């Protein structure tokens, strides 16, 4: 199946860019901030991009080596995006590599924590509290965000690979989800 989807590097790259674009669009959904209480800040937005990227990569890992290869390309798109964002925030050429190393380590730490706890609501909520709400320890918002993340993982598990490759992933609407959980 992957041979049909990825006949060339440019097709594989286009699939990764489309998937990453859908990830970023969902991570910017206003309801994540208004309804689920994620801090609307550079850090809060970074956390949402990481969470959604991890959810998609975890889903792709289940598709074997081809899925893992697409996941790696999506991670590469994430790194390019973070590099560009740092530069837009005013970091210079000498500071960007150091900050990228920190962001990469942060991504891998979160990926390990979220991936390990995806089936465990309490564990996932604790990981989200540490990463998304470190200053306030907002356990109510963390619990709701964990519910949302688990629902997103379930939706992605049912998403056909070709939809992911075309950036047509269906995530739950955070606003509707938050209302349903209230």
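The values are calculated or read from the model by the stated rules, or taken from the named source; none is laboratory data. Everything numeric here is computed off the predicted structure, so don't read it as measured data. Using ideal geometry, Cβ is built from the backbone for each residue, glycine included, and neighbour counts are taken over all protein chains shown.
Structural remarks
- Segment 8-33 residues that are in a loop (DSSP other than H, G, I, E, B), paired with ones that are surrounded by 13 or more Cβ atoms within 10 Å (Cβ to Cβ) (beta carbon under 6 Å, 6 or more apart): 29/174
- Residue in segment 116-127 that is farthest from residue 138 (Cα to Cα), counting only those that are in contact (Cβ under 8 Å) with a residue 12 or more places away in the chain and surrounded by 15 or more Cβ atoms within 10 Å (Cβ to Cβ): 118
- Test result for residue 56, without any contact (Cβ under 8 Å) to a residue 60 or more places away in the chain and in a helix (DSSP H, G or I): no
- So residue 159, is it under 19 Å from residue 16 (Cβ atoms) and modelled with pLDDT of 90 or more: yes
- Verdict on residue 70 being assigned to a helix (DSSP H, G or I), within 26 Å of residue 127 (Cα to Cα), touching a residue at least 40 places away in the same chain (Cβ under 8 Å) and within 13 Å of the chain's Cα centre (by Cα): no
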